[in-house]
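Q: First the structure, which I've put down as structure tokens, then a few questions once you've had a look.
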Amino acid sequence: MQTMDLSISTLHRRYRDGSLTPSAVVDYILERCAAFSEHHVWICRLTRQQIAIYLDRLDISQIDKLPLF
């Protein structure tokens, strides 16, 4: 699995230039979490379907108006 730079500056730049979407970031993070499931790190993990509710509310075309913490 290739690593992804999740720094705020990189995410913001890639969201703005269209080379990355919040959905792709979530998929990457879920994949990474699954790779470490045997370590019992997570108390509770949302499913992709549960997270999709939040992703659907994002309007990536308005990225400059959205907070990125």
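Q: Checking LEU11 against (1) touching a residue at least 40 places away in the same chain (Cβ under 8 Å); (2) part of a loop (DSSP other than H, G, I, E, B), only one condition comes out false. Which one?
A: (2)
Q: Also, I was wondering about something else. Can you report the number of residues in region 47-60 which are part of a helix (DSSP H, G or I), at pLDDT below 90 and open to solvent by 100 Å² or more (accessible area, probe 1.4 Å)?
A: 2
Table: residues versus (1) open to solvent by less than 90 Å² (accessible area, probe 1.4 Å); (2) touching a strand residue (DSSP E or B) at 6+ places or on another chain (Cβ under 7 Å); (3) without any contact (Cβ under 8 Å) to a residue 24 or more places away in the chain.
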position	(1), (2), (3)
LEU6	yes, no, yes
ARG16	no, no, no
THR21	yes, no, no
ILE29	yes, no, yes
ARG32	yes, no, no
HIS39	no, no, yes
TRP42	no, no, yes
ARG45	no, no, yes
ILE63	yes, no, no
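The values are calculated or read from the model by the stated rules, or taken from the named source; none is laboratory data. Keep in mind that this is a model prediction, so the values were computed, not measured. When we count neighbours, we look across all protein chains shown, and the Cβ atoms used for this are built from the backbone with ideal geometry, even at glycine. These accessible areas exclude ligands, DNA and RNA; they are computed on the full protein's heavy atoms, side chains included. Shrake-Rupley method; radii C 1.70, N 1.55, O 1.52, S 1.80 Å.
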